[in-house]
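Here's the structure we're looking at; comments come further down.
None of the figures in this text is laboratory data; all of them are computed from the coordinates on show. Keep in mind it's a predicted model, so treat the numbers as computed, not measured. Neighbour counts are summed over all protein chains in view; Cβ atoms, including those assigned to glycine, are modelled from backbone coordinates with ideal geometry.
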Amino acid sequence: MAVRVGIAGGGVAGLTLAWLLDESHEVLLLEERPRLGGNAESVQTTAHGGTCVIDLGVRETPVEVSPIWRHIAASVGVPAEDLVPATASRVVFRKHERSPLWVSAAEPTDTVRPVTTGGPAYRAMVRFAEESAWWETEGMSWDVTIDDVLNAWSLPSSSVEHLLCALPASLHGCTLDEVRTLSARAVGAAFTPPDTVPRTTYLRSGATSLVQGLAAGSRSARLRTGTGLRAVYQAGEGFELVDAAGAVHPVDAVALALPADHALAALSGLAATGAWQAALSSIEYRDVTYVLHRDPYGMPEDRRVWSAGNTTVDEDRSETTTWYGPSLGVDLFVSQVGHRSGQPREEIARSSFRATLPTPAACRARQRLAEIEAGQRLLFLGHCTTPVETQEAAMASALAVAHHLAPRGSRPRRLRNYLEGG
């Protein structure tokens with residue numbers, strides 16, 4: 001029997017759920033912004049006489065470890081030739097210092113870059129990567145903080161500590177000191193062994209091509225942009241959704257793919273949701289602004305160490321500039337600009353996003369919100385439920401909700417069969 005499902009939030013999680021339910025249920029999706037995609041936002045520009053698409057928000061996906069993303073991208077018509085493989089090289093350096101704190105290899109046989117291959121920084125990165133892998137394998141508690149880990153290590157210098165904290169501070173838009181309050185397991189998920197050159201994938205047509213494919217494939221769903229959810233009320237055994245214009249939408253089930261504070265506001269008048277509201281209030285955000293530009297703002301002076309990711313440590317902050325030379329062969333850059341002095345001189349576009357802080361309290365809250373009980377009709381997905389924020393995790397959260405609401409649905413079933421090798 002078809003169920004009326006109201007989805008609040010048109011980011012990748014909400015859109016994936018709409019697509020998964022499209023053939024089995026009646027779907028209404030409400031998105032506050034004038035566009036779909038959430039943190040997937042692409043800009044078309046020119047470089048070297050040609051046209052290219054650059055992502056301001058989500059910029060890459062490691063396809064090898066993203067089976068759900070890979071299956072859905074193919075299912076919604078993203079052509080294989082649009083997947084651009086690239087290496088995720090990285091340099092971390094302090095502002096005004098000539099010698100970088102860290103230089104990774106750009107290729108397995110890199111002989112040009114002054115790659116970091118020894119010393120205290122190298123040993124600390126090796127140890128952190130090894131322990132991160134162990135934390136994940138053993139299912140270590142999300143309550144252990146970076147502060148707990150670093151205090152047990154007795155690091156040799158502040159430079160090594162800044163190196164270990166630089167990437168998560170940039171990723172989550174927080175200070176280096178705030179990184180110490182974050183869950184070690186959540187932070188460690190972004191680390192790779194220093195002797196490994198990570199592979200990743202860019203979409204030649206931009207992340208919004210995946211968004212467009214999901215929207216086009218949700219043929220029977222009603223996808224409404226510029227109309228956010230304002231409140232959820234109980235109505236018999238179902239619910240009523242009130243949108244920003246005051247319109248009331250009766251539904252049988254509600255899926256909240258919203259930022260936690262927006263979900264909290266929508267539930268404020270709904271009885272018996274106190275535990276969920278308490279969990280939602282534990283999730284914190286930081287604003288992060290990205291600029292697409294042509295000049296090498298945020299890049300090291302020594303071009304030999306230019307990397308896909310270039311992280312500048314400046315006092316208690318770190319911010320990253322992504323260079324598209326290794327992936328698309330163009331000198332275009334996307335930089336975080338919230339705390340660095342100056343601005344790019346040749347700006348093309350900018351946008352702001354919200355990054356979550358994976359504190360132990362937030363990780364516990366997300367685990368609680370991700371739990372689904374038999375018969376549950378108010379559900380959460382996206383950043384309300386994923387301690388590690390990736391498109392793969394967002395899609396996995398959508399699949400869990402879709403399987404609960406439509407266990408016999410053709411799209412969720414095909415995806416599960418694919419994941420199980422059936």
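Let me check I have the definition right: for the range 297-348, take the eigenvalues of the Cα gyration tensor, multiply each by 5, take square roots. What are those semi-axes in whole Å, largest first?
Values: eigenvalues 68, 35, 17 Å².
Those come to 18, 13, 9 Å.
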Seminar exercise, completed: Whole-Hz Karplus couplings 3J(HN,Hα) for the range 38-52, θ = phi - 60° and coefficients 6.51, -1.76, 1.60, Gly and Pro as x, run x, 7, 9, 9, 10, 10, 8, 8, 10, 7, 6, x, x, 9, 9
Exercise. Which Cα, out of 171, 223, 150, lies furthest along the positive dipole direction of the range 148-227 (beta carbon charges, K/R +1, D/E -1)?
Worked result: 223
Exercise. Cα axis of helix 207-217 to longest principal axis of the chain: angle in degrees, 0 to 90, nearest 10?
Worked result: 20
Exercise. Along each of its three principal axes, how wide is the spread of alpha-carbon positions in the range 238-390, in whole angstrom units, largest first?
Worked result: 60, 35, 27
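Run the numbers on the chain and let me know its relative contact order in percent, using alpha-carbon pairs under 8 Å that are six or more apart.
On the way: 896 pairs, mean separation 106.6, N = 422.
Contact order relative to length: 25 percent.
Under a point-charge model restricted to the Cβ atoms of Lys and Arg (+1) and Asp and Glu (-1), what is the dipole moment magnitude of the chain relative to its Cα centre, in debye to the nearest 20? Spell out each step's value before the answer.
On the way: 38 positive and 47 negative charges, 139 e Å.
It works out to roughly 660 debye.
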Problem set entry | Backbone HN-Hα couplings from phi across the range 319-333 [Karplus 6.51/-1.76/1.60, Hz, Gly and Pro as x] | 9, 10, 10, 8, 9, 8, x, x, 9, 10, x, 10, 8, 10, 9
Seminar exercise, completed: quick shape note, the range 1-146: Cα extents on principal axes in Å, largest first -> 63, 51, 30
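Going by how many other beta carbons lie within 10 Å of each one, how would you line up 54, 68, fewest first?
On the way: 54 23, 68 20.
Taking fewest neighbouring Cβ atoms as first place, the list is 68, 54.
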For this session: Would you mind checking which residues have amide H under 5 Å from residue 378's amide H? H placed 1.01 Å from N; only 5 or more apart, or other chain.
Result: 254
Seminar exercise, completed: Across all Cα atoms of the range 371-422, Rg and the largest Cα-Cα distance (Dmax), in Å, are 11.5, 31
Seminar exercise, completed: Amide H neighbours of residue 39 at under 5 Å, excluding residues fewer than 5 places away on the same chain, with H built from the backbone geometry, are 12
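So what is the relative contact order for the range 1-89, in percent, with contacts set as C-alpha pairs under 8 Å and at least six apart?
On the way: 84 pairs, mean separation 17.5, N = 89.
After rounding, I find 20 percent.
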Exercise. Short version: ³J(HN,Hα) in whole Hz for each residue of the range 408-417, in order, from phi by Karplus 6.51 cos²θ - 1.76 cosθ + 1.60 (θ = phi - 60°), x for Gly and Pro, what are they?
Worked result: 9, x, 5, 5, x, 5, 4, 5, 5, 4
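Test of the criteria: in the range 190-277, which trypsin sites (Lys or Arg not before Pro) are in a DSSP loop and have at most 16 other Cβ atoms within 10 angstrom of their Cβ?
Details: sites: 199, 204, 219, 222, 224, 230; in loops: 204, 219.
Qualifying residues, ordered by number: 204, 219.
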Exercise. For the Cα atoms of the chain, what angle does the longest principal axis make with the long axis of helix 119-138, in degrees from 0 to 90, nearest 10?
Worked result: 20
Exercise. At what distance in angstrom do the alpha carbon centres of the range 79-137 and the range 247-273 lie from each other?
Worked result: 42
Exercise. Residue 3's amide H: which non-local residues (gap 5+, or another chain) put their own amide H closer than 5 Å, with H modeled 1.01 Å from N in plane and none for Pro or chain starts?
Worked result: 26
